[in-house]
Structures are given as structure tokens and as C-alpha cells.
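Undergrad: Okay, here's the structure, questions in a sec.
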């Protein structure tokens, strides 16, 4: 039972999960505003504004910095982890999303000449730098509000 109590009292974890949850909720709100339709699947989907991955890891790093000190080894580890996640979100995953767009165009062009039974690839994989920045700001704000 102490395990579950410890988890429930872990301020860094609560801060990170709250930032992730809020970022995912905001994706639904932004999709509703932009597309004028309620898409609940955005709550579990990747990509979009703001980056929930970035919110999650920046809230974690900020919480660890506040709790353990900005000069602690644990903060350095969390910061490096956050930077890798943010780079991946805006770099590698974004490139994979762009490739999916190109492949979908190729499939569409081929399909116009002969029918293909291929399923479209998921294009909303990565984030723009603006989405990553928004996620980072959200994570830092949530952590500062909760810790």
C-alpha cells in the first residue's frame, strides 16, 4: 500500500501527468475550434498543438529542478531527456509525418489510374517547432503552479 501512496504523493509525477493531460485536452479544443468538429480521438493521438510529449518532459524537468535543485544530477538527467524528446518530436517524427504525406499523394495518384486497396498512412506524427515550444511553456507553467 505504501507504493501506491508514494506514487500518489510524487509531486514531479503529478505535475508531469497534469501537463500531459492538459495538453491532450487542449488538442481537442484546438481541433474543435479549427475544424468545427469534436474529435475525442485527439486525446490519445500524437502530433498537434501543443506537444503533450514536450509538456510531459518539461514539467518533469522543471519539477525535479525545483524539488532537488537546479544543480542536481537528477535535474541534469531530466533536462537531457527532455531535450532529446523535444528534438525527436520536432525532428525525426516530423520528418516521418512529411514522408507519410508524400506517400499518401503517391497512393492517391496511382489510385486514380488503377484502384489500390492501400490504407493511408498517419500524417500527424511529429510537431512543428511552434507546437514543441507551446508544449514546453505549458509544462513549465503547470510545474510551477503545482510545485
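All of the numbers you see were taken from the coordinates with simple rules; none came from a lab. For clarity, every value in this text was computed on a predicted model and none was experimentally measured. So basically every Cβ, Gly included, is an ideal-geometry build from the backbone, and we count neighbours across all protein chains shown.
Undergrad: Fewest first, what order do 20, 70 take by the number of other Cβ atoms within 10 Å?
TA: Working: 20 22, 70 11.
Fewest-to-most ranking of 20, 70: 70, 20.
Undergrad: Counting other beta carbons within 10 Å of each residue's own, what order do 103, 22 fall into, fewest first?
TA: Ranked by crowding around the Cβ, least crowded first: 103, 22.
Undergrad: How do 51, 46, 143, 72 line up, fewest other C-beta atoms within 10 Å first?
TA: So the residues, fewest neighbours to most, are 72, 46, 143, 51.
Undergrad: Once you keep just the Cα pairs under 8 angstrom separated by 6 or more residues, what percentage relative contact order results for the chain?
TA: Computed value for the chain: 34 percent relative contact order.
Undergrad: Also, I was wondering about something else. Suppose only helical runs count, i.e. DSSP H with n ≥ 4. What mean residue ellipticity at 222 nm does that imply for the chain under -39500 (n - 2.57) per run, divided by all residues and rounded to the nearest 500 deg cm²/dmol?
TA: -24500 deg cm²/dmol
Undergrad: Also: If Rh is defined by the Kirkwood formula over all Cα pairs and Rg also comes from Cα, what ratio Rg/Rh do you get for the chain?
TA: Computed over Cα atoms, the ratio is 1.11.
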